[in-house]
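These notes concern the structure reproduced below.
Nothing in this text is a laboratory measurement; each read-out follows from the coordinates by a stated rule. These figures come from a predicted structure and were not determined experimentally. Don't worry about glycine lacking a Cβ; one is built from the backbone with ideal geometry, like all the others, and counts go over all protein chains shown.
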Amino acid sequence: MAIKNNQIVEMFYELKVQNEIIDSNLNKEAISFSYGSGQIISGLESRIIDMNEGETLDINVPAIEAYGEYDETLTQIVPIEDFEGMDLEIGMTIEAEDENNETVRATVIDVTKEDVTIDYNHPLAGCDLDFKVIIKSIK
């Protein structure tokens, strides 16, 4: 039975970016989600619709259908004084509030004596995603 909207899908996956495993639940507990509800990235969801229970498929999701293309305008240089008391490291994730008081995450990409460069892009923005998907069950 192929997947239909609003069905509960249990799925195992392995995610690779440029042949490096980024995430996996193989040999662990399957993830469970309601198909069509936007709980997984749209590019993956649209590519599993014809799958059946027990089926395995290798799926490529282009960046534009995953976390989007990398946007250079989403980086910002901030005076280091704004981070007083923080032990900043390149690659660390920090949280801040935007103008609507909503929490946003950013990655520190450079630190100098005067400034900190932060990146608001999703860490996988600009990356094509390669999935190995195994459908455990469809209910």
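The chain: longest stretch without exposed GluC sites (Glu not before Pro) (DSSP loop, at most 10 other Cβ within 10 Å), sites themselves excluded?
Values: sites that count: Glu29, Glu84, Glu89, Glu99, Glu102, Glu114.
In short, 30-83.
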* Structure fact -> Going fewest to most other Cβ atoms within 10 Å around each Cβ, Ile118, Ile134 line up as Ile134, Ile118
* With each label point set 7 Å from Cα along the Cα-Cβ vector, what nm distance links Thr117 and Val78? -> 1.6
* Structure fact -> When Leu57, Leu15 are ranked with the fewest other C-beta atoms within 10 Å first, the list becomes Leu57, Leu15
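Using only helices, what value at 222 nm comes out for the chain when you add -39,500 (n - 2.57) per DSSP H run of length 4 or more and divide by the total residues, to the nearest 500 deg cm²/dmol? Provide the component values of the computation, followed by the final result.
On the way: 1 runs with 4 residues, N = 139.
For the chain, the value works out to -500 deg cm²/dmol.
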* Give me the distance in nm between label points sitting 7 Å out from Cα along the Cα-to-Cβ direction at Ile22 and Asn5, one decimal. => 2.8
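Send over the semi-axes of the chain's equivalent ellipsoid, whole angstrom and largest first, taken as the square roots of 5 times the C-alpha gyration tensor eigenvalues.
The equivalent ellipsoid of the chain has semi-axes of 37, 15, 14 Å.
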* **Relative exposure of Lys28, Lys4, judged by other C-beta atoms within 10 Å (fewest first)** => Lys28, Lys4
* Asked: Where does the range 72-119 land on Rg(C-alpha)/(2.2 N^0.38 Å)?
  -> 1.09
* Structure fact -> Going residue by residue through the range 47-59, the Karplus relation 6.51 cos²θ - 1.76 cosθ + 1.60 with θ = phi - 60° gives ³J(HN,Hα) values, rounded to whole Hz and with x marking Gly or Pro, of 8, 9, 4, 8, 7, 10, 3, x, 7, 10, 8, 8, 10
* If the cut-off is a Cα-Cα distance under 18 Å, which lysines reach Lys136, setting aside same-chain residues fewer than 8 apart in sequence? -> Lys4, Lys28
